[in-house]
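Let me begin by presenting the structure, written as structure tokens, before commenting on it.
The values are calculated or read from the model by the stated rules, or taken from the named source; none is laboratory data. Here the structure is a predicted model, which means the values were calculated and not measured. A quick note on method: Cβ atoms are made from the backbone with ideal geometry, for glycine too, and the neighbour counts reach across all protein chains shown. Each accessible area value is taken on the protein alone, full model and side chains, heavy atoms only, with ligands, DNA and RNA left out. Shrake-Rupley method; radii C 1.70, N 1.55, O 1.52, S 1.80 Å.
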Amino acid sequence: AVAFASYALAQDASDVLTLTTSDFSAKVDNEPLILVEFFAPWCGHCKALAPHYEEAATALKDKDIKLAKVDCVDQADLCQANGIQGYPTLRVYKNGTPSDYQGPRKADGIISYMVKQSLPAVTELTLANIEEFKAADKFVAIAYVSSATDAPAVAFSQVAETHREDFLFGLSTDQDVIAAEAVTPPAVVVYRSFDEPRVAYPYPILDAKPEDFEEWMADLSIPVIDEVSSDNYAVYASSTKPLAYVFLDPTAENKEEIIASVRPVAEEYKSKVNFVWIDAIKFGDHAKALNLQEPKWPSFVIQDLEKQLKYPLDQSKDVSAESVKDWTKQFVSGELKPELKSQPIPAVQDESVYNLVGKEFEEVVFDDSKDVFVEFYASWCGHCKRLKPTWDLLADKYASVKDQIIVAKMEATENDLPPSVPFRVAGFPTLKFKPAGSRDFLDYEGDRSFDSLVAFVEEHSKNSLEPSVVLEGQAQTHFSAGNASAEKHDEL
């Protein structure tokens, strides 16, 4: 009874509204802004979110922004009616109209996101509210203009509409504000809670276009060096710059010392490379994916995000300001070669399907004399397991013409693709066909039946698929990877 009473008290104390089928419309449709979480009690991600969601609800209460939740086990019909397919699903409702929540899952990120949703795209600022506004978020952009119609107010407002979920935007025509901020209009100033706290737009401003402001703000929004996690990784992934990781044990006594030693290097190369530090204990699998083989921390690696290439610093070397600077300098100047993950080259090929690995990808696939059909798979992938018997049958069908066509498979999570390959593998299985004499790859997008695969091969192969006639006294040509040509490497 005591336990139940405590539970009931905790429920009563919650600032998160509980919604049901009977009151959902009444409580959501009339709110100018409300965030709703659709959850399942058994869902681990929902349990991890719960304390952050509760904390954000309490903080946003003062701003009259409500947070609510729907238990999709208890309210299954309501969740089905709203098209909920996974947990947790978060949606922002404005006067009953929903949109997907695109923000972080930590309390401060939820608070920041919802405050931005509550404000107009551009907030008009006076002496009464400017100081509070400047400190309201990690990144605030303010335009100071003589009139709201003067350049660059229109371009600035367009950027604000596009990026209202990313940053806070303000505008002031108040002469007292302009004097207090010691700016000469027109001016745009960014205020940050990190790095240099105040940065003015340094280029000619009257002709500035929305994309000029966007590019400038995107660069300023990324700290010189910051911790990267699932909450902010998208910011780095959307940047065109390579990403340099310092993998650290967060409990190490010298953690801050290492970060401080790398900061000057990050500042020097900020225009070329983004720098982060990352929890090596929590994200050990990510370290392996970046080809850091040993659980040895600190470690340093640069990743070309666009080409998905990895450049790990030799883990036998200390991570210091000197080693990081030297490695980054070599990377920027194009002197480094990417380290490519590969399984060992098989000693024998005893199946009809050729077992392809990263080390010999170019040698085998770029052999101009052969058509090559490759399945990129993952060992854990259920669809790949279902395809295997059909893929084996396809290889069996062409086993007698291996000098003309290779049917291959590659474990894509264990082998990197060379830079010479013009694609990345994003899902499994991925099927690619390279015709003989070509460097172009054709996507197979048909059904995965044997007949459909055969029809595709016969339509696109450049070579004859008939076994060659062996004349008396001639040796039959057998496939040998050693006859092929070579090139470079990309990643998954």
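Structure summary
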| read-out | value |
| --- | --- |
| Residues of the range 213-226 classified as outside any loop (DSSP other than H, G, I, E, B), surrounded by 15 or more Cβ atoms within 10 Å (Cβ to Cβ) and not aliphatic (A, V, I, L, M), total | 4 |
| Residue count for the range 375-391, restricted to those that are open to solvent by less than 40 Å² (accessible area, probe 1.4 Å), part of a helix (DSSP H, G or I) and within 10 Å of residue 409 (Cα to Cα) | 1 |
| Cross-chain or 6+ apart pairs with Cβ under 8 Å, the range 178-203 first and free of Cβ contacts under 8 Å to residues at least 12 places away in the same chain, then charged (D, E, K, R) and outside any loop (DSSP other than H, G, I, E, B) | 198/192 |
| Those residues of the range 419-433 which are part of a loop (DSSP other than H, G, I, E, B), more than 17 Å from residue 290 (Cβ to Cβ) and open to solvent by less than 20 Å² (accessible area, probe 1.4 Å), in sequence order | 421, 429 |
| Selection from the range 52-103 of residues that are open to solvent by less than 80 Å² (accessible area, probe 1.4 Å), over 20 Å from residue 165 (Cβ atoms) and without any contact (Cβ under 8 Å) to a residue 12 or more places away in the chain | 76, 83, 86 |
| Test: residue 150 is closer than 22 Å to residue 56 by Cα, acidic (Asp, Glu) and part of a loop (DSSP other than H, G, I, E, B) | no |
| Residues (touching a strand residue (DSSP E or B) at 6+ places or on another chain (Cβ under 8 Å), in a loop (DSSP other than H, G, I, E, B) and not aliphatic (A, V, I, L, M)) located in the range 194-212 | 194, 197, 201 |
| Which numbered condition residue 472 fails, given (1) more than 19 Å from residue 367 (Cα to Cα); (2) modelled with pLDDT of 90 or more; (3) not polar (S, T, N, Q) | (2) |
| Test for residue 36: is it on the phi < 0 side of the Ramachandran plot and not in a helix (DSSP H, G or I) | yes |
